[in-house]
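This report refers to the structure that appears directly beneath it.
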Amino acid sequence: MIELSNVSKTYFSNNKGNGSNAIHALKEANLIVPKGTIHGVIGLSGAGKSTLIRCVNLLERPTSGTVTVDGQEMTNLSNAALNRARHRIGMIFQHFNLLTTRSVFDNVALPLELMGQKRHTVRERVIPLLEMVGLADKADQYPAQLSGGQKQRVAIARALASKPQVLLCDEATSALDPQTTSSILELLRDINHQLGITILLITHEMEVVKSICHRVSLISDGELVEDSEVGDFFTAPRTQLGREFLNDFLQLTPPKELIERLVDTPGDNTHPVVRLTFSGDAVSTPLISRLARECGVDVSILQAKVESIQERTLGLMIAELLGTPTQTQQAMTYLESHQLQVEVLGHVQRND
Ligand SMILES: Nc1ncnc2c1ncn2[C@@H]1O[C@H](COP(=O)(O)OP(=O)(O)O)[C@@H](O)[C@H]1O
Ligand SMILES: [Mg+2]
């Protein structure tokens, strides 16, 4: 288990530590990742993701707060004890961080050598790890001879060499193409499943969260602003930023020519354009035809999409509601009372 309790990290860019030029990269972060789960932290560039993950193994020392990994309070350890504790925490990076002058075998062997293990013990550990990541035949090659995906596989084997309980992944697939990304994510999923390793990963990609995480936190400007089951985050994000990530992922934005015609306030001869998000039972209920019957409103569908996220179904639609102001208001109230999220994107002049 990983537990962050009120963890803050402030960088001082002038090295005086007197508060001028202070960057509050992490603000009172609280996070619990239960043993054996995969937890994602998603956020924009500069939001504090790397700072957060580096605070877990104390590559960055928190300015305040406590970090506990598998019952051991990391923030309290002497340097020697911290070094031992780090053997229980593997880490992989966006740019793999392999040693170019060492072979694949020797890269994976490095942590074991640093722990003072004998050559034959090292061999007994490294060979099965290379088999697990599918690189047994590349043991004698050098990083320069490998593809990006293969390099990340070496890094994963190296991270697992000291039999960690926890694996930290800092944008581990961000330098890889989509196909390689999914094969690396599949490997991480297997590692979690077969070895019961707890995984904390940070990413700026919803696809990564969708494909392997159990829970997800959203980080914004150093603050953890949402913490949800992945299904909940994808069906009903609680913050504006969460909704922006979701809309980007689903690529459901109104056509450009419509955006240009949208006005903020309703006028005499306008009707609303809405984005509807619905999940669960609402997906299979014929709400749109009922809307016509019960509220007398016609619905012109501009875009629609249905996504499967874990065991949940998520429906999205952009539509124009055609009717009198009273009718369209009733229609929106009707939709909201049936658990749909209704977001008015603007109002558009009637063509008829
Ligand atoms: N070593 C550092 N010294 C000073 N500022 C830093 C340092 N590392 C990160 N920052 C700043 O902290 C903020 C968060 O950075 P980071 O954790 O790398 O974000 P992310 O990984 O989400 O892109 C940024 O404003 C960044 O410039
Ligand atoms: Mg980063």
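The values are calculated or read from the model by the stated rules, or taken from the named source; none is laboratory data. Computed from a predicted structure; not experimentally measured. With ideal geometry, Cβ positions are generated from the backbone for all residues, glycine too; neighbour counts draw on all protein chains shown.
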Out of contact with any Asp or Glu (no Cβ under 8 Å at 6 or more places or on another chain) and β-branched (Val, Ile, Thr): is that true of Val108 in this structure? yes
Counted residues in segment 198-242 being over 16 Å from Leu185 (Cβ atoms) and touching a Cys at 6+ places or on another chain (Cβ under 7 Å) come to 0
From Ser50, Ser78, residue being among the small types (Gly, Ala, Ser), over 27 Å from Ile191 (Cα atoms) and either under 17 Å from the mean Cα position of the chain (by Cα) or modelled with pLDDT under 95 (or both): Ser78
So Gly242 fits all but one of (1) assigned to a loop (DSSP other than H, G, I, E, B); (2) outside the structural domain of Leu335 (by TED's automatic domain parsing); (3) of a type in the set (Gly, Ala, Ser); what number is the exception? (1)
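Residue by residue, here is whether (1) closer than 18 Å to Gln310 by Cα; (2) assigned by TED's automatic domain parsing to the domain that holds Ile309; (3) within 16 Å of ligand 2 (Cβ to nearest atom) holds:
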residue	(1), (2), (3)
Asp177	no, no, no
Ser182	yes, no, no
Glu186	yes, no, no
Asn192	yes, no, no
Gly196	no, no, no
Val209	yes, no, yes
Leu218	no, no, yes
Glu229	yes, no, no
Ile259	no, yes, no
So the strands (runs of 3 or more DSSP E) completely within segment 8-77 holding 3 or more residues that are away from ligand 2 (no atom under 15 Å from the Cβ), assigned by TED's automatic domain parsing to the domain that holds Met91 and surrounded by 13 or more Cβ atoms within 10 Å (Cβ to Cβ) are 22-33, 64-69
